[in-house]
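The values are calculated or read from the model by the stated rules, or taken from the named source; none is laboratory data. Keep in mind that this is a model prediction, so the values were computed, not measured. In this analysis, Cβ positions are derived from the backbone assuming ideal geometry, glycine residues included, and neighbour counts consider all displayed protein chains.
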Amino acid sequence: MSAIIPLNEFEKAHISERQALPEQYLGLSDAEMDTRIMAARKTLGDRLMILGHHYQRDEVIRFADHVGDSFKLARQVASRPEADYIVFCGVHFMAESADVLASPHQQVILPDLAAGCSMADMVAPDQLEMCWEELTQMGVTTRQSSGQAGVVPVTYINSTASIKAFVGERGGTVCTSSNAAATLKWAFARGKKVLFLPDQHLGRNTAYKMGIPLDEMVVWDPNEIFGGLDPGQVAHAKMILWKGHCSVHIRFSAKQIENLRKQQPGIRVIVHPEVPWDVVQAADDSGSTEYIIQTVKESPVGSVWAVGTEVHLVNRLAHQVAPERTVVSLDQFGCLCSTMFRVSPNHLLWILEELVEGRVHNRIVVPEEQKHWTKVALDRMLSIS
Ligand code: SF4
């Protein structure tokens with residue numbers, strides 16, 4: 001059984017908001033695009049490296065030199081110093097991180113500039129400045145007599161370079177879903193509390209798994225004065241969770257798991273930690289995309305899985321990675337990352353053929369003033385395994 005999942009109306013509407021392409025790149029057949037992409041890749045040779053995130057569609061991911069989650073791809077950036085061009089088939093914040101980690105001569109390119117991330121957009125620099133100022137007024141950021149920081153800021157890699165720079169400058173770091181637990185351990189060795197941005201669910205699920213009770217976590221709402229919290233709540237909390245989420249992963253629910261278990265007794269459920277806390281509790285297992293792939297791949301032949309993460313990865317698990325297992329999406333309509341989907345083979349072809357002609361489009365450059373502290377934060381992330 002495989003998962004064949006239609007787009008819902010929301011997704012259909014959003015995937016149309018793409019960066020416009022020159023007329024000659026529209027209406028091409030798949031076969032023609034494949035042939036021309038391969039030809040352009042061959043011409044560019046070692047000067048080109050294509051990175052592809054697991055959530056990309058198949059028509060794009062098949063051209064990637066490296067496929068992975070944000071953490072794995074960030075590690076790949078330094079692996080090919082001879083590549084002049086790093087074409088990042090992912091979303092904007094990933095390309096920004098690649099630009100910061102790349103050598104000065106390397107140019108990072110995002111095939112469609114409209115490929116953003118709604119979660120990354122949920123924390124703006126001025127909101128974070130205000131939060132820090134208000135935490136300072138509450139006396140929370142003050143360094144302890146033990147030398148420990150009052151609050152260590154940790155941002156998920158799904159955030160803009162300006163947020164990463166803010167965090168880096170204040171002794172914090174970046175985490176991914178692969179190293180979130182190790183990162184929290186790192187942070188609690190340095191500070192009394194953690195301000196976790198921007199995904200409250202990843203922060204809550206990771207901290208809970210490490211033994212921090214829910215009543216020691218509060219949610220900071222950037223649209224409320226003092227985050228909507230009183231000083232007593234903040235003083236008691238170990239985790240201050242930013243009120244952000246992934247619009248794809250919050251579509252999964254504990255009810256879906258309950259229904260599936262009724263329909264298919266024995267089915268195993270594995271979810272990404274960006275899903276809400278009660279969904280993780282109802283599932284059999286949870287972990288990063290890399291962890292999900294390994295777990296399903298190494299499960300006994302004939303196993304039946306429902307997977308709670310982006311639908312392209314689920315479909316790839318079903319058809320390519322673990323074809324001798326039954327793999328379905330936990331959401332019967334599939335949860336598609338509509339911004340990731342904006343990177344089309346047409347965009348990739350346009351970018352590559354223009355590079356062959358010596359023209360660079362859609363270069364992602366992190367402003368110089370943000371680069372230093374963003375790199376500090378990302379280097380800390382890479383050092384935490
Ligand atoms: S799946 Fe969610 S967090 Fe990941 S890129 Fe898409 S919107 Fe952002």
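Quick notes on this structure:
- In segment 141-155, the residue that is nearest to the ligand (Cβ to nearest atom) out of those that are modelled with pLDDT of 90 or more and closer than 15 Å to Lys238 by Cβ is Val154.
- Just so you know, in segment 338-362 the residues that are among the charged types (D, E, K, R) and assigned to a helix (DSSP H, G or I) include one that is surrounded by the fewest Cβ atoms within 10 Å (Cβ to Cβ), and it is Glu354.
- Subset of segment 309-361 that is in contact with a Phe, Trp or Tyr (Cβ under 9 Å, 6 or more places away or on another chain) and free of Cβ contacts under 8 Å to residues at least 60 places away in the same chain - its residue that is nearest to the ligand (Cβ to nearest atom): Leu317
- Among (1) in a helix (DSSP H, G or I); (2) crowded, with 21+ Cβ neighbours inside 10 Å - the single one Arg75 does not satisfy: (2)
- Single residue of segment 84-98 satisfying the filter (surrounded by fewer than 24 Cβ atoms within 10 Å (Cβ to Cβ) and within 14 Å of Arg41 (Cα to Cα)) that is nearest to the ligand (Cβ to nearest atom): Tyr85
- Qualifying residue in segment 223-240 (condition: within 17 Å of Ala282 (Cβ to Cβ), touching a residue at least 24 places away in the same chain (Cβ under 8 Å) and over 21 Å from the mean Cα position of the chain (by Cα)): no
- Selection within segment 193-207: residues that are part of a helix (DSSP H, G or I) and among the aliphatic types (A, V, I, L, M). The member of this set that is surrounded by the most Cβ atoms within 10 Å (Cβ to Cβ) is Leu202.
- Looking only at residues in segment 115-125 that are within 13 Å of the ligand (Cβ to nearest atom) and assigned to a loop (DSSP other than H, G, I, E, B), the one that is farthest from Ala83 (Cα to Cα) is Val123.
- Picking from residues in segment 238-252 that are more than 16 Å from the ligand (Cβ to nearest atom) and in contact with a helix residue (DSSP H, G or I) (Cβ under 6 Å, 6 or more places away or on another chain), the one that is nearest to Val154 (Cα to Cα) is Met239.
- Complete set of residues in segment 16-32 that are surrounded by 13 or more Cβ atoms within 10 Å (Cβ to Cβ) and within 28 Å of the chain's Cα centre (by Cα): Arg18, Gln19, Leu21
- Flag if Val275 is modelled with pLDDT of 95 or more and either of a type in the set (Ser, Thr, Tyr) or touching a His at 6+ places or on another chain (Cβ under 6 Å) (or both): yes
- Exclusive hit being farther than 16 Å from Leu101 by Cβ and assigned to a helix (DSSP H, G or I), set Gly45, Gly52: Gly45
- The single condition from (1) assigned by TED's automatic domain parsing to the domain that holds Ile240; (2) in contact with a Leu (Cβ under 7 Å, 6 or more places away or on another chain); (3) closer than 30 Å to Arg342 by Cα that Leu101 fails is (1).
- Exclusive hit being away from the ligand (no atom under 16 Å from the Cβ) and in contact with a strand residue (DSSP E or B) (Cβ under 8 Å, 6 or more places away or on another chain), set Val304, Val271, Val275, Val279: Val304
- For Val365, the requirement of being surrounded by fewer than 21 Cβ atoms within 10 Å (Cβ to Cβ), in contact (Cβ under 8 Å) with a residue 40 or more places away in the chain, assigned to a helix (DSSP H, G or I) and among the β-branched types (Val, Ile, Thr) is not met.
- Within segment 1-32, the residues that satisfy the criterion of being of a type outside the set (Gly, Ala, Ser), in a loop (DSSP other than H, G, I, E, B) and at pLDDT 90 or above are Leu21, Pro22, Leu26, Leu28.
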